[in-house]
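J.: What follows is a structure written as structure tokens; I'll ask about it next.
We did not get these values from a lab; they are worked out from the coordinates using the rules stated. Computed from a predicted model, the values in this text were never measured in an experiment. FYI the Cβ positions are ideal-geometry reconstructions off the backbone, even for glycines, and counts take in every protein chain you see.
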Amino acid sequence: MARSPLGKSMKLPKLKGNRKARLTNPRQKVLVLYLANSALDAPVVAWALYDGSGERLHMAGDEDSPPYKTGLDALREGWRLFQASQIQPHVRGEELDLSYLKYEFFFERICEAVV
Amino acid sequence: MSALRLLSTIDMARFVARGFLRFDAVVPHEINEQFMAEAGETAEPDEGFKGSHRDAFAANAIPEVQAGTPLANAYEPGTAPARLLALPLVAGTLQSLLGPEIVFDHHFLHVRLPSRDPSRGPNLSQHTHQDSTIDPRQAFDVQLMYYPHRITRDMGGTRFIPGTHLRKVSEFAIGRYQNVVGQQHVVCEAGTLLFLHHGVWHGAGANQSDRTRYMFKIRLRAAGRQTRAWAIEDYRPPDKQRAIFFLKSPPEENTVETVLTTPEPWFEQDTGRLEYINRIKLWRYLTEDPEYDADYWLTRLDENAAAGNR
């Protein structure tokens, strides 16, 4: 297994053949990556992690370096993409206005709950 | 007024580009000590970390001040906030950013208690946010952040993201952005000041130390003309545009144009250029020069429109 920059909490469940190991108390971990453009292999510029397993409590400002360099790196580490932001047309007259980060990608992985 | 220490043009450009100016350990020790005495000790509320500090605030010497009060009348002479605001660096920086007529908006004593007792609830950092509400103005307010005592990294400190101030967002709508490449944490000596454009995204860090952390914020706005208020006498905009993209040497450092077109590490590859454009627009506002440009970003759009090419 490739080394995870986030340590033990990022390890995938062990696989047996093509079947995933059974989890008695499955929980979702969610990774949100904001990329530099709409390509999944673009660099990460911002991120968030939410750990439903209870293993680790992530919060704003807890890391200064992104967990992956690109969205593709997260895929290679076993994260499953389940949502990507749409590329929206620009409203006439507001083409130069800026607000929220544009290129948002949601990933998940299922882990055993930590009691 | 000769004692005022006005900002230079290049410092103003840095504020326009990044949304902040930081001055480390510039407030004299005796004012820091006086402020800490006036602020008093803030105990943990009965409700735990989420509780209100109102009872503790009622007992301290920091006054309630009406929004809209002229800054000169906001604090009793001789108090720590009045002495802080009278420092030539502080008065000069505020005048440079807001003009000579300044009005008090609000102030707040931010208190982050140490993580002594986990049973009182999780000790979390504050979600990333932009203060107040959606603010479509070109004009801006200034938030003066005053750190009266030493802040170590484990005390959390204010987290902020340089260059986010020109984005029009709705307060905590950006709470999902836990971490942003290039974010900064204020770790500093006593007497450090941060002058923030009101739009800079920020949040308080979790205090993992065994000491209470204090930060005093004063929000101020211009009551009169905000523009051309710094030490602008020597400033002359360039009389011609410099070459762009195809360059045979690095751009000259410490010019307004270089500062306004220097990216932040979190800039997206397309909107980073829009950030430059919005910085140039803010520079036009502050210099009252509707034709100013850096690296042709707005000229490219303006001249086509002026020629009737739409």
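J.: Got a sec? How would B:Ser170, A:Ser38, B:Ser96 order by Cβ neighbour count within 10 Å, fewest to most?
T.: On the way: B:Ser170 13, A:Ser38 16, B:Ser96 27.
Ordered by Cβ neighbours within 10 Å, fewest first: B:Ser170, A:Ser38, B:Ser96.
J.: Moving to a separate point now. Have a look at B:Thr152, B:Ala204, A:Gln88 and report the one farthest towards the positive end of the charge dipole of the protein assembly as shown, computed about the Cα centre with Cβ charges (Lys/Arg +1, Asp/Glu -1).
T.: Projecting each Cα onto the dipole axis, the largest value belongs to A:Gln88.
J.: Further question on the same structure: Could you check the spin-label model distance between A:Phe106 and A:Arg80? Points 7 Å from the Cα along Cα→Cβ, value in nm.
T.: Distance between label points: 1.4 nm.
J.: At a threshold of 8 angstrom on Cα-Cα distance, excluding pairs fewer than six apart, so keeping six or more, what relative contact order does chain B reach in percent?
T.: So the answer I get is 26 percent.
J.: What is the magnitude of the charge dipole of the protein assembly as shown about its Cα centre, with +1 placed on the Cβ of each Lys and Arg, -1 on the Cβ of each Asp and Glu, and no other charges, expressed in debye to the nearest 20?
T.: I would put it at about 1880 debye.
J.: If you take the square roots of the eigenvalues of the alpha-carbon gyration tensor of the protein assembly as shown and sort them as a ≥ b ≥ c, do you get rounded (a/c under 1.5), prolate (a/b over b/c) or oblate?
T.: Oblate.
J.: Rounded to the nearest 500 deg cm²/dmol, what is the calculated helix-only ellipticity per residue at 222 nm for chain B, with -39500 (n - 2.57) per DSSP H run of length n ≥ 4?
T.: -7000 deg cm²/dmol
J.: Still on this structure, I have one more. Could you compute the FRET efficiency for B:Asp135 and B:Tyr235, with r as their C-beta to C-beta distance and R0 at 22 Å, rounded to 0.05?
T.: That gives a FRET efficiency of 0.20.
J.: Calculate the length of the line joining the C-alpha centroid of region B:54-127 to that of region A:42-115, in whole Å.
T.: Centre-to-centre (Cα) distance: 35 Å.
J.: From the residues B:Ser96, B:Leu109, B:Val65, which one has its Cα farthest along the dipole of region B:63-129 in the positive direction, the dipole being from +1 and -1 charges on Cβ of Lys/Arg and Asp/Glu about the Cα centre?
T.: So the residue we want is B:Leu109.
J.: Right, here's the next one. Considering the options B:Tyr296, B:Val187, B:Thr164, tell which one lies farthest towards the positive end of the dipole of chain B, charges being +1 on Lys and Arg and -1 on Asp and Glu at the Cβ, about the Cα centre.
T.: Of B:Tyr296, B:Val187, B:Thr164, it is B:Tyr296.
J.: Which of B:Lys168/B:Lys240; A:Lys102/B:Lys217; A:Lys102/B:Lys168 have a Cα-Cα distance over 20 Å?
T.: Numbers: B:Lys168/B:Lys240 32 Å; A:Lys102/B:Lys217 31 Å; A:Lys102/B:Lys168 13 Å.
From B:Lys168/B:Lys240; A:Lys102/B:Lys217; A:Lys102/B:Lys168, over 20 Å: B:Lys168/B:Lys240; A:Lys102/B:Lys217.
J.: In nm, give the distance between the simple-model label positions of B:Ala61 and A:Arg27, each being 7 Å from the Cα along the Cα-to-Cβ direction.
T.: Placing both labels 7 Å beyond Cα along the Cβ direction yields 4.9 nm.
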